[in-house]
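The values are calculated or read from the model by the stated rules, or taken from the named source; none is laboratory data. Owing to the predicted nature of the structure, the values given are computational and were not obtained by experimental measurement. Using ideal geometry, Cβ is built from the backbone for each residue, glycine included, and neighbour counts are taken over all protein chains shown. The accessibility values were calculated without ligands, DNA or RNA, using every heavy atom of the protein model including side chains. Shrake-Rupley method; radii C 1.70, N 1.55, O 1.52, S 1.80 Å.
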Amino acid sequence: MSDEVRTGKNFKPKLELRNLRMEYLVREGSIKAVSGVTLFVDEGKITAIVGESGSGKTSLVETFLKILPRNARIRGGEALLRLSSGEEVDLIKADERTMRRLRGKVIGYIPQGAQNSLNPVLTVEQHFIETLRNHGLWKPESSMSEIHSMLSLVRLDPDTVLKKYPFELSGGMKQRVVIALTMILKPELVILDEPTSALDVFSQRVLLNILNDVSMKYRNTMILITHDIPVVAELADRLAVLYAGTVVEVGNTYEIFKEPLHPYTSMLISAIPSVADIYVKRIPKPVPGEPPSLLNPPPGCKFHPRCPYAVEKCRTSEPPLYEPKKERFVKCWLYSGGEKL
């Protein structure tokens, strides 16, 4: 992939990850949770990161946000964030004071099970006031109007919800309150970790529509972490597939679903059940085998023990990220004729 295409005047990603590495130190050794991730997140777009449980999706985000547990160690790489002011910050090199300035106001993070983070002794209104005050944004004459508008955007009635406590709300309503709390700060980059998990089908549908509305109104850059492939198909502009702590395929969501390049991506898509299967008699096929241990990952391509196309080179050498087609990137020796990233 040429520098002119990705980093020239015509293209500057909002977030640029290059060879990011992080591991957890445990008694048995080191768990290589993030293993050389390179990924560009386009400004104003929704980029989804998908993969099986344990593939490193959440660990990747926690690495460049630097909210890791004590036994984690960042082993190298860059995470360049380009702000609307023109400032460029390498999050990996940034000190904690800089990160505190960025978290919330610039980077909004909605972690897994975020609805459980609401304070049970504060009303929804108090949550908003406290959030705005903590970031120096509380203005009594105008903030309440903004709060009402934000709650309406996430399809909650302000007059009904503001005086309620979290335990008086359903799971889906609490999730929408958390989204509104995040968006009230107008962050430039919003990260959502499994936003539809633990919600019923109806609440999931409502939430997906809300996220689409929020994206359309504010044109935020969004990163959506999920293992729910149908959610990706509906929301994301771009898709990054993570396997064993590394990105194995990146591209336009529609194009990846139409023609997946990496064998793992193809298997993930084939495993999706569909209503259409009733009529075409297609049986979803689970991905064979088990994900590799990140404590003792296999040599070479980490997917080779499960790959039907693996050859000797796959077992001994890890492939780089290739660009076999414009804006399509794949970490696989099958595409070694393409340009390297």
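Take the stretch 178-259, drop everything but the C-alpha atoms, weight them equally and run the Debye formula without solvent; then report log10 I(q)/I(0) at 0.18, 0.24 Å⁻¹ to two decimals. Evaluating at q = 0.18, 0.24 Å⁻¹ gives log10 I(q)/I(0) of -0.83, -1.32.
Ligands, DNA and RNA are left out, and with a 1.4 angstrom probe the accessible area of the chain is 48 Å² per residue. Label-to-label distance for Glu78 and His148 is 4.7 nm, based on points extended 7 Å past Cα in the beta-carbon direction. For the stretch 78-127, the Kirkwood hydrodynamic radius from C-alpha pairs, put into Stokes-Einstein at 10 °C and a viscosity of 1.306 mPa s, yields a diffusion coefficient of 121 µm² per second. Once C-alpha pairs closer than 8 Å and six or more residues apart are averaged by separation and normalised to the residue number of the chain, the relative contact order reads 20 percent. I'd like the distance between the alpha-carbon centres of the stretch 181-244 and the stretch 17-49, rounded to an integer number of Å. Their Cα centres are 19 Å away from one another. Pairs exceeding 23 Å between alpha-carbon atoms, taken from Lys32/Lys57; Lys66/Lys217; Lys217/Lys326; Lys93/Lys325; Lys66/Lys163; Lys32/Lys331: Lys66/Lys217; Lys217/Lys326; Lys93/Lys325; Lys66/Lys163. Solvent-accessible area assigned to carbon and sulfur over the chain amounts to 51 percent, based on a 1.4 Å probe. Expressed as a whole percent, the proportion of Cα-Cα pairs in the stretch 146-223 lying more than 22 Å apart is 18%.
3J(HN,Hα) along the stretch 149-166, derived from phi through the Karplus expression 6.51 cos²θ - 1.76 cosθ + 1.60 where θ = phi - 60°, amounts to 5, 5, 5, 5, 5, 8, 6, 10, 7, x, 5, 8, 8, 4, 8, 8, 8, x Hz, with x in place of Gly and Pro.
Summarising the label geometry, the points placed 7 Å from Cα in the beta-carbon direction at Arg27 and Glu259 lie 5.2 nm from one another.
Taking 0.36 nm per residue of separation and subtracting the current Cα-Cα distance, fully stretching the chain between Lys313 and Asp95 would add 74.4 nm.
Computing Rg and the Kirkwood Rh from the Cα coordinates of the stretch 182-311 gives a ratio, Rg/Rh, of 1.00. Length available on full extension from Lys164 to Gln126: 0.36 nm per residue minus the Cα-Cα distance, which gives 12.7 nm.
Mean sequence separation of contacting Cα pairs (under 8 Å, at least six apart), scaled by the length of the stretch 13-94, corresponds to a relative contact order of 37 percent.
Here the label points at Asn134 and Lys326, each 7 Å from Cα along the C-beta direction, are separated by 4.6 nm in the simple model.
For a paramagnetic label modelled on Lys186 (point 7 Å from Cα along Cα→Cβ), amide N atoms under 17 Å away belong, within the stretch 82-123, to 83-87, 102-108. For the stretch 57-204, the relative contact order comes to 32 percent (Cα pairs under 8 Å, sequence separation of at least 6). Equivalent ellipsoid of the stretch 48-161: semi-axes from √(5λ) of the C-alpha gyration tensor, largest first, are 30, 19, 14 Å. The share of Cα pairs per 20 Å bin across the chain, counted from zero up to the longest distance, runs 29, 57, 14, 0 percent.
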